[in-house]
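Q: Here it is, the structure in full.
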Amino acid sequence: MIDAPLISLQEVSKTYANGVAVLKGLDLAVNAGETLTLLGPSGCGKSTALRLIAGLIAPTSGDIVWSNPTLRKNLGVVFQEPTLLPWASVFDNVYLPLRLTGEKREKAEPRIRHALARVGLSDFAAALPRELSGGMKMRCAIARALVTEPAVILMDEPFAALDEVTRFQLNDDLLALKLELRATIIFVTHSVYESAYLSTRIIVMSKVRGAIIDEIIIDPALTRNAEFRHTDHFAEICRRASLALRHATDENIGTTP
Amino acid sequence: MTLNRLRDAIIPLLVFLLTLGVWEAIVDYKNIPPYILPAPSTIAAKLVEDRALLFSSLLVTLGVTLKALVIATISAVALALLLAQSKWLERALLPFAIILQVTPIIAIAPLLLIYLSPGTAVLVCAFLVAFFPILSNTALGLASVDHGLQDVFDLYHATGWQKFLYLRLPSALPQFLAGLRIGGGLALIGAIVAELAAGASGQGTGLAFRIVEAGFRLDIPRMFAALALISLSGLAIYGALAWLSHLLLHNWHESARERGA
């Protein structure tokens, strides 16, 4: 067991320029190697928390502490949209993070090919994003996030726009990648089933205070496969997460004028 | 797909030929004299008869148009890049560009002719009208970068130059090319308007002057012949720029792609 958390959010608050306070005093610890899911209703601040961890926005108050600050410089992030360069091939999109560090294309090629192979896009290296399906675009975005071999991967509802079959497939692919990479994953979703299937810990957030309503620990040693979705244990995790989510939503309804 | 393209090309051509046929028939049937309304066949004959004069004038007008378009493109892109660097610069310089745009060129041309030689005045007029659409479209393109992509570049600590080269420039390309298509047509209009205002004569005069000159001589067929050359020049410029746009964008941008392609 690791003593110090990899990332600590300490009393973190975020108020946007328009005056909307999304997070108020959020305390959250992320441990190395876990798959932590932030689950909550829309507007609860889970994506904001992820953007704060990524360093894309700064907190209004509070601290975000990394036990190993060098890890912060090499993050993999997958957004809700694939956010691919439409004019560049799949290969060049995956090359982008390495290109921005000044790495030559020839030198980077083996790593790019490896990242593409990991997500099953080896045969589509020359394709343009418009030639790919929604699921394949997301795979390309995942390959781009993996190409730098990050120790921490942040995923902001990456499969929300996909159909159920593709979503299940990508869930399994993500679990396989997790086993291979041993990376820490912070996953944002509003899907109870997805959180129960992927996570080793689920944090359910409330919209009103941006506070944590429940924390569900799931045994990391559990085998996650299609059968797992039909077990009583999976159903129990889903039931508990659903209740917590309902509680979070009821709180929101209760405060709506 | 090829059949559709053929149909798309043939239909407007047939309508055009039909219009010329009706025009020819009306002139013939009503016995309208050429100094009132020349028939298309008369205009075509005039085009052949005066080809040396008209085509040398065409080269002058086209030369001015292309020169103005190149200068306008370079300066508008340079200014758009400058404006994209700072909101202060945008606030300071954009009003001047807008003033130039909204002031009719026909009102500026006589003033330019006081301070500049006729050739330079025509070039400046064509430049002024072509400049703004290229500037505004390029500036819009540079400012319309996808926020998600900006996040990706921020995440990987891209430098300002990297963001500019790998993100903002390609993002702005569709809008820049749209501005260039508009600017190309306007450069020709600007050159024609300035030539009309300049009233230059002798060697090296453009098609607009030939129209004025033919008007004084009541040589209406020549007026129409010069007009036809101007229209064809405009079509050629637009066609060339539309082709360039298709060449650069058809692989990835929706504006240049056929549905279902």
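Q: Dipole magnitude of the stretch A:1-120 about its Cα centre, charges +1 at Lys/Arg Cβ and -1 at Asp/Glu Cβ only, in debye to the nearest 20?
A: Numbers: 13 positive and 10 negative charges, 77 e Å.
Roughly 360 debye, rounded to the nearest 20.
Q: Fewest to most neighbouring Cβ within 10 Å: what's the order for A:GLU11, A:GLU180?
A: On the way: A:GLU11 13, A:GLU180 10.
Neighbour counts put them in this order, fewest first: A:GLU180, A:GLU11.
Q: Please check: in the Gaussian network model of chain A (C-alpha springs, under 10 Å), which one of A:PRO110, A:PRO97, A:PRO59 has the largest mean-square fluctuation.
A: Evaluated over chain A, the most mobile residue of the options is A:PRO110.
Q: Can you give me the C-alpha center-to-center distance between the stretch A:184-198 and the stretch B:104-161, rounded to a whole angstrom?
A: If we compute the Cα centre of each part, the gap is 48 Å.
Q: Further question on the same structure: Using a 10 Å cut-off around each Cβ, can you sort A:THR249, A:THR83 from fewest to most neighbouring Cβ atoms?
A: On the way: A:THR249 16, A:THR83 21.
The fewest-first ordering by Cβ neighbours comes to A:THR249, A:THR83.
Q: Still on this structure: Taking the number of other C-beta atoms within 10 Å as the exposure measure, put B:VAL102, B:VAL77, B:VAL212, A:VAL12 in order starting with the fewest. Could you put the intermediate results ahead of the total?
A: Values: B:VAL102 8, B:VAL77 20, B:VAL212 17, A:VAL12 24.
Ascending number of Cβ neighbours within 10 Å: B:VAL102, B:VAL212, B:VAL77, A:VAL12.
Q: A further question follows. Determine which lysines satisfy two conditions relative to B:LYS87: a Cα distance under 26 Å, and not lying fewer than 8 residues away in the same chain.
A: Correct list for B:LYS87: B:LYS163.
Q: So what is the orientation-averaged projected area of the stretch A:115-257, using the convex hull of its C-alpha atoms, in nm²?
A: On the way: hull surface 40.5 nm².
The number I arrive at for the stretch A:115-257 is 10.1 nm².
Q: Another question, if that's okay. May I ask for the Rg/Rh ratio of chain A, computed from Cα atoms with Rh as the Kirkwood radius, given to two decimals? All intermediate terms of the calculation are to be shown ahead of the outcome.
A: Working: Rg = 18.4 Å, Rh = 19.0 Å.
My calculation puts Rg/Rh at 0.97.
Q: Normalised radius of gyration for the stretch B:1-71, please: alpha carbon Rg relative to 2.2 N^0.38 Å, two decimal places. Numbers along the way, then the final one.
A: Details: Rg = 17.6 Å, N = 71, 2.2 N^0.38 = 11.1 Å.
Cα-based Rg divided by the globular estimate yields 1.58.
Q: Follow-up. For helix A:90-100, report the angle its Cα long axis makes with the longest principal axis of the Cα atoms of chain A; keep it between 0 and 90° and round to the nearest 10°.
A: 80 degrees
Q: Can you list the aspartates and glutamates whose alpha carbon sits under 18 Å from that of B:LYS46, skipping same-chain ones fewer than 8 residues off?
A: B:GLU24, B:ASP28, B:GLU213, B:ASP219
Q: A follow-up question, please. Counting only helical runs of four or more DSSP H residues, what would the 222 nm mean residue ellipticity of chain B come to if each run contributes -39,500 (n - 2.57) and the total is spread over all its residues? List each step's numbers first, then the result.
A: On the way: 11 runs with 210 residues, N = 261.
Taken over chain B, the calculation gives -27500 deg cm²/dmol.
Q: Okay, moving on. Scale the Cα Rg of the stretch B:96-216 by the rule-of-thumb value 2.2 N^0.38 Å and send over the ratio, two decimals. Please list the in-between numbers first.
A: Values: Rg = 19.9 Å, N = 121, 2.2 N^0.38 = 13.6 Å.
Ratio of Rg to 2.2 N^0.38 Å for the stretch B:96-216: 1.46.
Q: Something else now. Could you give the C-alpha radius of gyration of chain B expressed as a fraction of 2.2 N^0.38 Å, taking N as the number of residues it contains?
A: 1.23
Q: Provide the net charge surrounding A:ASP92, with neighbours chosen by a C-beta distance below 11 Å and charges set as Lys +1, Arg +1, Asp -1, Glu -1.
A: Values: positive: A:ARG99, A:ARG105, A:ARG144; negative: none.
Combined, the nearby Lys, Arg, Asp and Glu give +3.
Q: Let me ask something else. Kindly express, to the nearest 10 degrees and within the range 0 to 90, the angle between helix A:164-181's C-alpha long axis and the longest C-alpha principal axis of chain A.
A: Between helix and principal axis, roughly 80 degrees.
Q: Can you give the convex hull volume of the alpha carbon atoms of the stretch A:23-93 per residue, in Å³? Don't skip to the end; give the middle numbers.
A: Values: hull volume 10.0 nm³, N = 71.
Hull volume normalised by residue count: 141 Å³.
Q: Obtain the radius of gyration and the Kirkwood radius of the protein assembly as shown from its C-alpha atoms and give Rg over Rh. Numbers along the way, then the final one.
A: Numbers: Rg = 32.2 Å, Rh = 27.9 Å.
Result: Rg/Rh = 1.15.
Q: At 222 nm, what value in deg cm²/dmol follows for chain A if DSSP H runs of at least 4 each add -39500 (n - 2.57) and the sum is divided by all its residues, to the nearest 500? Display every interim value, and only then the final one.
A: Numbers: 8 runs with 100 residues, N = 257.
Result for chain A, helices only: -12000 deg cm²/dmol.
Q: How about A:LYS24: which aspartates and glutamates have a C-alpha closer than 14 Å to its C-alpha, ignoring those fewer than 8 places off in the same chain?
A: Reachable aspartates and glutamates: A:GLU11, A:ASP63.
Q: Over chain B, what is the relative contact order in whole percent, taking alpha-carbon pairs under 8 Å and six or more residues apart? Mind showing how you got there, number by number?
A: Values: 293 pairs, mean separation 66.1, N = 261.
This gives 25 percent for chain B.
Q: Let me ask something else about it. Which value, in Å³ per residue, describes the convex hull spanned by the Cα atoms of the stretch B:157-222?
A: Working: hull volume 7.9 nm³, N = 66.
Looking at the stretch B:157-222, the number lands at 120 Å³ per residue.
Q: So, one more: Ranked from highest to lowest mean number of other Cβ atoms within 10 Å per residue, what is the order of the peptides B:238-249, B:150-161?
A: Per-residue mean Cβ counts within 10 Å order the peptides as B:150-161, B:238-249.
Q: Still on this model: Relative to the first principal axis of the alpha-carbon coordinates of chain B, what is the inclination of helix B:118-143, with its axis defined by its Cα atoms, in degrees from 0 to 90 and to the nearest 10?
A: Long axis of B:118-143 versus the principal axis of chain B: about 40 degrees.
Q: Mind checking the mean number of beta-carbon atoms from other chains within 10 Å of the Cβ atoms in B:163-172?
A: Working: counts 1, 0, 0, 7, 2, 0, 0, 4, 3, 0.
Rounded to a whole number, the mean comes out at 2.
Q: Take peptides A:153-163, A:14-24, B:139-149, B:79-89 and line them up by average Cβ neighbours within 10 Å, highest first, as a rough protection proxy. Numbers along the way, then the final one.
A: Numbers: A:153-163: 20.0, A:14-24: 13.8, B:139-149: 17.1, B:79-89: 15.5.
Descending packing order for the listed peptides: A:153-163, B:139-149, B:79-89, A:14-24.
Q: Give, to the nearest whole percent, the P(r) tail of the stretch A:81-149 beyond 14 angstrom, counting all Cα pairs. Present the calculation step by step, with values, prior to reporting the outcome.
A: On the way: 1118 of 2346 pairs.
More than 14 Å apart: 48 percent of the Cα pairs in the stretch A:81-149.
Q: Please find, in a Gaussian network model of chain A (springs between Cα atoms separated by less than 10 Å), the residue of A:HIS190, A:HIS233, A:HIS247 whose mean-square fluctuation is greatest.
A: Looking only at A:HIS190, A:HIS233, A:HIS247, the biggest GNM fluctuation is shown by A:HIS233.
Q: Still on this structure, please answer the following. With a cut-off of 8 Å between alpha carbons and a minimum separation of six or more residues, what is the relative contact order of chain A in percent?
A: Details: 470 pairs, mean separation 64.6, N = 257.
That works out to 25 percent.
Q: Please state the relative contact order of the stretch A:81-149 as a whole percent: Cα pairs under 8 Å, 6+ residues apart? Could the numbers behind the result be given before it?
A: Details: 82 pairs, mean separation 34.5, N = 69.
Relative contact order for the stretch A:81-149 comes out at 50 percent.
Q: Which order do the peptides A:45-57, B:220-232 come out in when sorted by mean C-beta neighbours inside 10 angstrom, highest first? Numbers along the way, then the final one.
A: Working: A:45-57: 21.5, B:220-232: 19.9.
In decreasing order of mean packing, A:45-57, B:220-232 become A:45-57, B:220-232.
Coordinate-derived values only; no laboratory data. Note that this is a predicted model, so its numbers are computed, not measured. Note that each Cβ is placed from the backbone with ideal geometry, even for glycine, and that neighbours are counted across all protein chains shown.
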